[in-house]
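The next block holds one structure in the form of structure tokens; read it before the comments.
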Amino acid sequence: MSISPPELRVAIVGSGPAGFYAAEALQKAAPGVRIDLFDRLPTPFGLVRGGVAPDHPKIKSVTRVFDRIASQPGCRFLGHVRLGEDVSVDELRARYDVVIIAVGAETDHNLGIPGEHLAGSHAATEFVGWFNGHPDYAESVFDLSQTTAAIVGFGNVAMDVARILAKNPDHLATTDIADHALRALRSSRLATIHLFARRGPVQAACTTPELRELGELEGVDVMVDPRDLDLDPASAEQLARSDDRTPARNLEILHSWAERKSSGAPRTIVLHFNVSPVELTGTHRVEEMELVRNRLEADARGGVRAVATSERQRIPVGLLFRSVGYRGLPLEGLPFDERRGLIPNVEGRVVEQPGSTTAVPGVYVCGWIKRGPQGVIGTNKSCAAATVDQLLADVTAGVIQPAPSSQSPIDDLLRERGVAVTSWGDWLSLDQAEQERGAAAGRPRDKVTSVAEMLEIIRTRRTG
């Protein structure tokens, strides 16, 4: 029995950018398709809500596009539904013709060094979730009474962490930063923030606007040793042959900072290149970090790799954030590539195991759980569209068969299990409540950071 694209019943698990863009691609290619968009939280938008820094409101404006997608006929939002707890992958596959997994990468990579799990050592993902009011991290505690912090990594997340730590809290008070974070940052005693990059400035993963913002912070000196900007032959060659102008622009900024002298500002951000942490030490918490100096050399694939030397140094550190990349988590009922931290797939089609070409019928992936933590929010649009293209090709080829009609509807299943499913209308009510709470303080919103409180507000507004 064949099925046509407009007749499809699709479950999309994850309502971040990848999930919404997958829904949009389906709506455009197959008008009439019915989409249920699931999220484990009562709130949509994924990292746009829980990962974009509060002082970057323009990036969050993409939610207006997602609002339009969610409002299309045939599209439903089912919030507060946890895959693997409230419903299984197999139960979704039995009730939908197609299942698209778009859950992103929810954890971080470890450094793999002694002392990494001492008190005061944190994942950057935890800190970002904390200042954004994500329910998973709202109760986290960071000892901002320390005077020195270190951030390992040099991507945009590392830039966000450094900027939020160093920024005048008065300049955050008009954003949607979580109240608990704003209060804690107002009492911070941090004076020095170190950022460490394993390789050189040419290989830095941050974008130029994110880097430039560090030098524009009020009351903050940014320091970089000019010797760190002397390029090794492999980096010079990489820069010369690159079509991407970002490394050259970043170097210009870094050179301008290297020429500056300290102004005596109350806070200093110190940038370090070609170093890797090898150990954290302390009696009860992080007190010191040992670093090894790296040399850079060309690798066999045309890239540049870091090779440890015998040169080492130790610096005092009371707080550490590792920002060396996000990583996906395995989902029960689906294969997982432990090495890469994603669901194995070929062009978005989930396959039985890493390296296999045998597809799991009717199951697809998009976003970071498909390709790893690469790109910006907009990258998910082309990624999702490419997955949907493969999905529709499979429909045309008759690979996808309609789900059996004998199964009870998903709504009945979740109701029987007592799951407090929330709708798009419920989200709009919660959204309004947050905006009303923030208006009194001249802020765009005051985020609700507890799932229990979210559900209580939704219940009250439903009955009120």
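Every number here is computed from the coordinates shown, using simple stated rules; none is lab data. All of these numbers come straight from a predicted model, not from anything done at the bench. When we count neighbours, we look across all protein chains shown, and the Cβ atoms used for this are built from the backbone with ideal geometry, even at glycine.
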| note | The alpha-carbon center of segment 38-60 and that of segment 270-349 are separated, in whole Å, by 26 Å
| query | Taking Cα atoms, how many degrees apart are the long axis of helix 451-463 and the longest axis of the chain, rounded to 10 and kept between 0 and 90? | reply | 40 degrees
| request: Using only Cα atoms, tell me the angle between helix 156-166 and the longest principal axis of the chain; keep it within 0 to 90° and round to the nearest 10. | output: 60 degrees
| request: Mind checking the full-extension length gain between I59 and R227? Use 0.36 nm per residue of separation minus the Cα-Cα distance, one decimal, nm. | output: 57.0 nm
| query | So which trypsin sites (Lys or Arg not before Pro) in segment 353-434 are both in a DSSP loop and have at most 16 other Cβ atoms within 10 Å of their Cβ? | reply | R417
| query | What's the center-to-center distance, using Cα atoms, between segment 136-205 and segment 227-257 in Å? | reply | 26 Å
| said: In whole Hz and in residue order, list the ³J(HN,Hα) couplings for segment 41-51 that follow from phi through the Karplus curve 6.51 cos²θ - 1.76 cosθ + 1.60, θ = phi - 60°; x for Gly and Pro. | reply: 9, x, 10, x, 5, x, 5, 5, 8, x, x
| query | In a shell of Cβ-Cβ distance under 14 Å around R327, excluding R327 itself, what net charge do Lys and Arg (+1) and Asp and Glu (-1) give? | reply | 0
| message | Net charge within 10 Å of V388 by Cβ-Cβ distance, Lys/Arg positive one each and Asp/Glu negative one each, not counting V388 itself? | response | -1
| request: Give me the angle, in degrees from 0 to 90, between the Cα long axis of helix 379-396 and the longest principal axis of the Cα atoms of the chain, rounded to the nearest 10. | output: 30 degrees
| note | With G115 itself left out, Lys, Arg at +1 and Asp, Glu at -1 over residues whose Cβ is under 11 Å from its Cβ give -4
| field | Phi-based couplings in Hz for segment 178-193 (Karplus 6.51, -1.76, 1.60; Gly and Pro marked x) | value | 4, 4, 4, 6, 4, 4, 5, 5, 5, 9, 5, 10, 4, 10, 10, 10
| query | In percent, how large is the relative contact order of segment 107-326, given Cα pairs closer than 8 Å and 6 or more residues apart? | reply | 32 percent
